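*Asks:* I have a structure I would like to understand better, so I am pasting it below and will then ask my questions one at a time.
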Amino acid sequence: MIAVTGATGNVGRALVHRLLAAGRPVRALTRDPQRAALPAGADVVRLQPDDPATLFDGATALFLYAHPRAADLLAGARAHGVRQVVLLSSAIVQEGADETHPIHVMHATVEQQIRDSGLDWTFLRPGAFATNALQWAPQIRAGNTVRGVFAGALSAPVHEDDIAAVAERALLDGGHEGAVHRLTGPAATTNAEQVAVIGAAVGRELTFVESDPREAGPELFPHAPPQMVERLLQTFADSVGVPPEITDTVEKVTGTPARTFAAWTRDHTEDFRGPA
């Protein structure tokens, strides 16, 4: 049995589908099982760190994201027979990084907790997620103009299912113990270029209009805590015109090249078209 936290998130959901397709039993841990809409083959359980037996009895491996109570989850997992953990970390964790950045603090803290847990571990450190482009979906469904910050910010967006594919191999194959896998898409693209690619997929010419970052607020970063927005804006500003890290780790681990942003867009076209 493999326990998957964040089972309704982009990567977690893709991983649940992959593991079930591979014939592996999955316990999908989520805050709201009634709304999870996960495959019938998954054992869907409410994620309650104070009830580790329900979460981990019968499980031997755990897929974990940087949960605020990761230490409790790790202790409960080990006590109930889990021996392996694969962490969805972040590419911001690397030598020379700004260790005060909130995203770095969050992920580096959980990485250290895992190192201290005694479990076999593998860290996945993806860069920009292609799913970040979904932040523009409401604007694209409403019209042909997308307002955002830093049109020229460069990234190499990685498909969430490519991250899940690497997680699957780390969980099912030997040889990934103690490995740190840095994951990216195959090519650099700017924010403006991404919007143009989405436009081609939905059959409309879209225009990216750059907003003043000083005026950026909740409408541009709806899921970011207010105290994090300033640091995120600085991170994006620093990426303008700067080639991003590009790795071939997805292909090395899975045998299949990482998918392009255009391929990701084709998989998510309906998210941008909205209801008919």
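Taken together, the values in this text are just the output of simple stated rules run on the coordinates, not laboratory data. Since the model is a prediction, treat every value here as computed from it, not as a measurement. Note: ideal-geometry Cβ built from the backbone for every residue, glycine included; neighbour counts use all protein chains shown.
*Asks:* In the chain, what percentage of the DSSP-assigned beta bridges are antiparallel, given to the nearest 5?
*Replies:* Numbers: 3 of 33 bridges.
In the chain, DSSP labels about 10 percent of beta bridges as antiparallel.
*Asks:* Can you give me the long-range amide H partners of residue 206? Hydrogens built in the peptide plane at 1.01 Å from N, cutoff under 5 Å, separation of 5 or more residues or another chain.
*Replies:* Here 199 satisfy the definition.
*Asks:* From the phi angles alone, apply the Karplus equation (6.51, -1.76, 1.60; θ = phi - 60°) to segment 252-265 and give each ³J(HN,Hα) in whole Hz, x where the residue is Gly or Pro.
*Replies:* Running phi through 6.51 cos²θ - 1.76 cosθ + 1.60 with θ = phi - 60° gives 4, 7, 9, x, 10, x, 4, 7, 6, 5, 4, 5, 4, 4 Hz.
*Asks:* If you stretched the chain out fully between residue 95 and residue 145, how much longer would it get, using 0.36 nm times the residue separation minus the C-alpha to C-alpha distance?
*Replies:* 14.1 nm
*Asks:* Further, regarding this structure: Full-extension gain between residue 115 and residue 207, please, as 0.36 nm times their residue separation minus the C-alpha to C-alpha distance.
*Replies:* So the extension gain works out to 28.5 nm.
*Asks:* Can I ask one more? Show the residues, 5+ positions off or on another chain, whose built amide H is closer than 5 Å to the amide H of residue 240.
*Replies:* Counting only residues 5 or more places away or on other chains, the set is 154.
*Asks:* Just how large is the dipole of the chain about the Cα centre, in debye to the nearest 20, putting +1 at every Lys and Arg Cβ and -1 at every Asp and Glu Cβ?
*Replies:* Using only the charged Cβ atoms, the result is roughly 620 debye.
*Asks:* Given a cut-off of under 8 Å on Cα pairs at least six residues apart, what relative contact order in percent is computed for segment 2-126?
*Replies:* About 21 percent, as a whole number.
*Asks:* Same structure again: Which value at 222 nm does the chain reach when only helices count, each DSSP H run of 4 or more adding -39,500 (n - 2.57), with the total divided by all residues and rounded to the nearest 500 deg cm²/dmol?
*Replies:* On the way: 11 runs with 103 residues, N = 276.
Helices in the chain give a 222 nm mean residue ellipticity of -10500 deg cm²/dmol.
*Asks:* What residues have an amide H closer than 5 Å to that of residue 259, excluding those fewer than 5 places away on the same chain, when H is modeled at 1.01 Å from N in the peptide plane?
*Replies:* So residue 259 has HN proximity to 159.
*Asks:* Right, next: Per-residue HN-Hα couplings for segment 188-194, Karplus 6.51 cos²θ - 1.76 cosθ + 1.60 at θ = phi - 60°, whole Hz, x for Gly and Pro?
*Replies:* Using θ = phi - 60°, the values come out as 7, 8, 8, 4, 4, 5, 4 Hz.
*Asks:* Using the Kirkwood formula on the Cα atoms of segment 2-126, what hydrodynamic radius do you get, in angstrom to one decimal?
*Replies:* 14.7
*Asks:* While we're here: Hey, with R₀ at 25 Å, roughly what FRET efficiency would residue 238 and residue 134 work out to, going by the Cβ-Cβ distance, to 0.05?
*Replies:* 0.65
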